[in-house]
Each structure stands twice: as C-alpha cells, then as structure tokens.
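All remarks here apply to the structure that follows.
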Amino acid sequence: MSNRSQPNTDPVHSLDCAFPTVLVTGGSRGIGRAICLEFGRRGWRVGVHYRERRDEAGKTAAMIKDGGGETALYQADIRHAGQVQAMVQDFVACWGRLDVLICNAGQAVSSLVLRLRPEQWADVIETNLTGTFHCLRAAGPVMLAQREGSVLVVASFAGFQGRAGQAAYAASKAGLLGLVKSVAREWGPHNVRINAVCPGWHQTGLSEASLPGSDELAEHVLGRFVDLESVARSVCHLALLRDASGQAWNLDSRIL
C-alpha cells in the first residue's frame with residue numbers, strides 16, 4: 001500500500017473523511033478497471049472486486065499502486081448472497097467504512113428470444129439484477145449506519161429501448177432502473193444516494209459480441225461513441241453528487 005501522507009485535493013474528493021473508500025464490482029477489466037484507476041488517481045482507497053479473473057484484477061490493483069493509490073482485491077460471485085456479504089464485511093474490516101459502491105459487474109449473452117436457453121437467461125438475470133440486489137443488501141446497512149453513502153449502478157441504454165438479440169441483457173438492465181428508483185425512496189431519508197448510469201458502447205469483453213457497426217452511429221447525435229476515460233471521470237463525478245438520487249444518466253449522445 002501507499003504511504004501517502006496527504007489526501008488528494010481534487011474537487012471530486014469531497015467527503016469529510018480524509019481517505020474515502022470505494023468498492024467497484026467487476027474491476028478486473030473494461031469499464032470497471034477504468035473506474036478503479038480514476039478513483040485511485042483521485043486519492044481514494046479502492047476495492048477491486050473480481051469473480052474469476054484474479055490475474056486481471058491484480059493488474060488493475062498494480063496500476064492503482066503505480067499511481068500512488070491504495071487498493072485491495074476482493075473475490076466474490078455476486079450471484080451468491082453469502083459471498084457478497086463476506087466481501088463487504090472484509091472491505092469494511094480493512095478500511096473502516098464504505099463511502100461509494102459502484103455496481104459494475106455484469107454478464108451478457110447475444111441470442112434471439114426463441115433461441116435463448118433458460119439457463120442463459122437465468123445467468124444474465126442472476127448476475128446483473130439479482131447480483132446487484134445482493135450488493136445493495138450487503139452495503140446498505142453499512143451506509144445507513146454511517147448516514148452517508150453513494151451507490152452508482154451501471155445500467156444500459158438497452159434497458160430503456162431494448163435491442164434485438166439482447167433480451168436477457170435488456171431485461172436485466174431495465175430491472176436495475178426500477179431497483180434504483182425504489183431503493184432511492186427507501187434510503188433517501190438516511191442520506192444514502194443511489195443512481196444509475198448508462199456508459200455507452202465500449203470494446204470490452206462483455207460487449208465485444210454485440211458492438212454496433214459504424215452504420216448505427218446514426219443513433220448518436222454527435223456521430224461518435226464516448227471514450228472510456230470520459231466515462232470513468234463522469235462516474236466519479238456522479239457518485240459524489242450530494243443532492244441527486246433515483247436518477248439515470250446516459251453518457252453518450254443517444255436520446256432516451
């Protein structure tokens with residue numbers, strides 16, 4: 001770990017505690033890795049979650065440390081409530097508190113409904129929707145006791161408009177939007193915020209089978225995709241908004 005003696009003074013580092021903490025699920029690669037690195041750069045203590053890719057998660061952690069940040073790895077299959085509960089308990093035992101939770105871990109499958117196997121449907125729903133539910137159930141009591149906390153759930157534009165061949169994924173992401181809005185009402189009186197963000201298309205392991213072609217850029221009024229670094233910066237900013245909860249933000253130029 002870093003021996004850094006002074007907290008980062010970046011504007012996004014705005015919590016009362018000297019060294020705020022964040023747990024990012026699915027931090028081993030792609031969007032999750034970019035988010036971890038951005039929080040680390042800004043002086044946060046970063047928990048990097050992974051399910052199976054320990055080597056990749058270790059690379060994320062090494063990159064954070066190379067930048068002077070503090071980090072630790074946390075393994076869990078978020079489809080299992082007990083594993084998620086243990087992860088959050090270990091995180092709090094290590095860092096003392098949980099300020100921000102980024103629910104990024106996800107699963108996708110490309111298949112038309114009539115070809116989609118029930119087990120494929122179940123795996124996507126259990127990971128994306130039920131897995132996030134488990135994370136909220138584990139982190140909620142910690143944040144409610146602190147009377148301070150922020151959760152940002154990585155949703156998808158597909159949850160608003162659907163996409164052919166992505167029924168399971170779109171259904172799981174649509175479910176997240178309802179979950180976020182419901183939990184916002186429950187936790188708002190305790191000063192715990194929860195919001196959703198749609199990060200747009202990126203060349204990651206999750207999306208590589210369903211990336212749109214250049215002809216589909218017509219949906220983007222700016223005619224381009226959003227870059228990963230911009231997404232990470234936006235996630236950090238949105239997670240720290242103190243007066244917003246129950247909201248969903250789209251980070252590219254497609255119009256909902």
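When you count, for each residue, the other Cβ atoms within 10 Å and take the mean per peptide, how do 47-55, 95-103 rank with the highest first?
Taking the mean over residues of other Cβ atoms within 10 Å, the ranking is 95-103, 47-55.
What residues qualify as long-range amide H neighbours of residue 165, i.e. H under 5 Å apart, gap of 5 or more or another chain, H built at 1.01 Å from N?
Sorted by chain and number, the residues that satisfy this are 113.
Quickly estimate the mean residue ellipticity at 222 nm for the chain, helices only: each DSSP H run with n ≥ 4 gives -39500 (n - 2.57), and the total goes over all residues, rounded to 500.
It comes out at -12500 deg cm²/dmol, rounded to the nearest 500.
Taking 1 over the mean of 1/r across every pair of different Cα atoms in the chain, what Kirkwood radius in Å do you get?
Numbers: mean 1/r = 0.0546 Å⁻¹.
Hydrodynamic radius (Kirkwood, Cα pairs) of the chain is 18.3 Å.
Sort the stretch 120-161 into rounded, prolate or oblate with this rule: let a ≥ b ≥ c be the square roots of the eigenvalues of the Cα gyration tensor; rounded if a/c is under 1.5, and if a/c is not under 1.5, prolate when a/b is larger than b/c, oblate otherwise.
Note, shape of the stretch 120-161 comes out oblate.
Reachable lysines from residue 181, Cα under 25 Å, same-chain residues fewer than 8 places away excluded?
Within the straight-line limit of under 25 Å, residue 181 reaches these lysines: 173.
Picking from 165, 26, 152, whose Cα lies most toward the positive end of the charge dipole for the chain (charges on Cβ: Lys, Arg +1; Asp, Glu -1)?
Value: 152.
Just to be sure I understand: with springs between alpha-carbon atoms less than 10 Å apart, which residue in 139, 244, 57 has the highest mean-square fluctuation in the Gaussian network model of the chain?
It is 244.
Give me the dipole magnitude in Debye, nearest 20, for the stretch 21-250 about the Cα centre, with unit charges on the beta carbon: positive for Lys and Arg, negative for Asp and Glu. Don't skip to the answer; put the middle values down first.
Details: 24 positive and 21 negative charges, 74 e Å.
With only Lys, Arg, Asp and Glu charged at Cβ, the dipole is about 360 debye.
Which one of 148, 126, 219 has the biggest mean-square fluctuation once the chain is modelled by GNM with Cα springs under 10 Å?
Comparing 148, 126, 219 in a Gaussian network model of the chain, the most mobile one is 219.
Taking amide hydrogens as modeled 1.01 Å from N in the peptide plane, which residues meet the under 5 Å criterion relative to residue 29, leaving out close sequence neighbours?
none
Computed from the coordinates by the stated procedures, all read-outs in this text should not be read as laboratory data. Keep in mind that what you see is a predicted model, and the values were worked out from it rather than measured. With ideal geometry, Cβ positions are generated from the backbone for all residues, glycine too; neighbour counts draw on all protein chains shown.
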